[in-house]
């Protein structure tokens, strides 16, 4: 039996916008073929009310050949044709009882929240499972934020829904279709599907309620979700296709820096603007109070204008003027978090690059939850982090966080950064002894930089500012249109490979400048290194890049 779970609509009359009729909304949602399955959910209706609504809904579903499922009530399902299915939860009537009452041909779905429940479902008589809640949600009573599976929990369940034929008992499932539920919408759908997938398994779709029901234009919402699911499925099955050469990327970085960077000449004590053709980008940084001053100065040294504004009240207005946005979690405060929640989506709507620096994300559950909420509300363009931070976002235990520092090494850094890039639709920069930069296809390894960078605070944060400036410069030089957030969720930023040049240009400038600063005879330790680094960034000459080309290579990723 073929079961299309791609966009699984769960109804909720209480969530309809003012003046919107339930049956009109339902028909608009399914008429264009973007919703193949509908679950009728009535939280407080009497039996007869539920049955009447279900019968009228079935007439609409039949008109468009859409499968219909009843939520929880076996009694209502029994009074409807056999083509109508049932979905039940763990606390509802047992599967065996439901199957006995409804017969062998009904579609029956089951909610699962743990690996054990998923494995039990494989040995039961169900046709599919709903995995959730993936994210905090208000649509189900009694569900706390801590109950959310997040990506790692959902991934474990998706993986557990497949087993080898040799280990499958007779007449039992080797695998089960699944749909993700809880907090799914146009912002979270893509990263939830890809982030909960494994190499060999992926959820078959997403279940949504308010993402469609609460819209005045449910047909548009349904198409948006259908397109996102289709894109995520295609991406999951696609192979890596690296079509660039490292020496060509270095050459392009040199060209971009020539057009962007007004090099400071220490002899003339002036900036050389003779070859600059790009406008000076405004970089808005919501960053740590520890790093704010140094980050602002490094941004200036890299020929960009910093504005260190955390205020939510002006974030929308700033999004029109900014060239890019940096979200840094160094010392996250409620004020900064409110600013991020407005600034990120506003930058998305203007099509401006957004850099996320998830400082210390693996150190506490609060930071991890905060980063996931940011990634759900904002489509970031690039994620920059150390080994522990990248590992935390991927659910890997290879490297651990010790405060904001990283302890341990990633066993397969190239594969991990590529996975995260595909999961989040963003470029990923992993910093360390070797820096890894990827668009989810090719992985660049850069072996530049001084150990002195680890001896002072704010170097990582300031690199984030430089990368944001580099992305802004590349966007202008190459005429890249990221589109609004809805478009970016469907065609993610990482697919605009020319932006990779902007990130690499900033990385090479910063790391090579750090080497040169450390080699200065006037640098005797961390205190004298900081101003020397700033001077080297300001005076960086991109014509030196060809001499570093052998230290920038492409990593083979299986």
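Please treat every number below as a calculation from the coordinates, not as lab data. Values in this document were obtained by computation on a predicted structure and should not be read as measured data. Because the Cβ atoms are built from the backbone with ideal geometry, glycine has one as well, and the counts that use them run over all protein chains shown.
Annotations for the structure displayed:
- Solvent-free Debye scattering, log10 I(q)/I(0), computed from the Cα coordinates of the stretch 246-555 at q = 0.06, 0.07, 0.10, 0.16 Å⁻¹: -0.17, -0.23, -0.48, -1.37
- Anisotropy class of the stretch 7-237 from Cα gyration tensor, a/c 1.5 cut: oblate
- Over the chain, dividing the summed -39,500 (n - 2.57) contributions of all DSSP H runs of at least 4 residues by the number of residues returns a 222 nm mean residue ellipticity of -13000 deg cm²/dmol.
- Projecting label points 7 angstrom from Cα along Cα→Cβ for residue 270 and residue 55 puts them 8.8 nm apart.
- Computed over the stretch 7-237: relative contact order in percent, which uses C-alpha pairs under 8 Å that are six or more apart: 22 percent
- Fraction of beta bridges assigned by DSSP in the stretch 246-555 that are antiparallel (%, nearest 5): 50 percent
- In this label model, residue 550 and residue 200 are separated by 4.3 nm, measuring between points 7 Å along each Cα→Cβ vector.
- Degrees between helix 150-160 axis and first principal axis of the chain (Cα, 0 to 90, nearest 10): 60 degrees
- Relative contact order [Cα under 8 Å, 6+ residues apart], the chain, whole percent: 12 percent
- Computed lengthening from residue 23 to residue 495, 0.36 nm per intervening residue step minus Cα-Cα distance: 166.0 nm
- If R0 is 35 Å, the Cβ-Cβ spacing of residue 223 and residue 331 corresponds to a FRET efficiency of close to 0.25.
- In terms of surrounding Cβ atoms within a 10 Å radius of their Cβ, 302, 294 rank from fewest to most as 294, 302.
- Ranked 436, 64, criterion: other C-beta atoms within 10 Å, fewest first: 64, 436
- Part-to-part distance (alpha-carbon centres) for the stretch 418-488 and the stretch 59-111, which is given in Å: 48 Å
- Ordering 277, 188 from the fewest to the most neighbouring beta carbons within 10 Å gives 277, 188.
- Against the chain, whose longest principal axis comes from its Cα atoms, helix 246-260 is set at around 70 degrees.
- Listed peptides 230-241, 197-208, 448-459 appear in the order 197-208, 448-459, 230-241 once ranked by packing, highest mean of other Cβ atoms within 10 Å at the front.
- Relative contact order for the stretch 182-293: 18 percent, from Cα pairs under 8 Å spaced at least 6 residues apart, divided by residue count.
- Helix 218-237 and the longest principal axis of the C-alpha atoms of the chain enclose an angle of approximately 70°.
- Using the average count of surrounding beta-carbon atoms within 10 Å as a protection proxy, the listed peptides 2-10, 110-118 rank, highest first, as 2-10, 110-118.
- R0 of 35 Å, Cβ-Cβ distance residue 99-residue 65: FRET efficiency to nearest 0.05: 0.90
- Divide the volume of the convex hull around the Cα atoms of the stretch 274-431 by the residue count and you get 120 Å³ per residue.
- Principal axis dimensions, the chain - Cα atoms, whole angstrom, descending: 89, 55, 39
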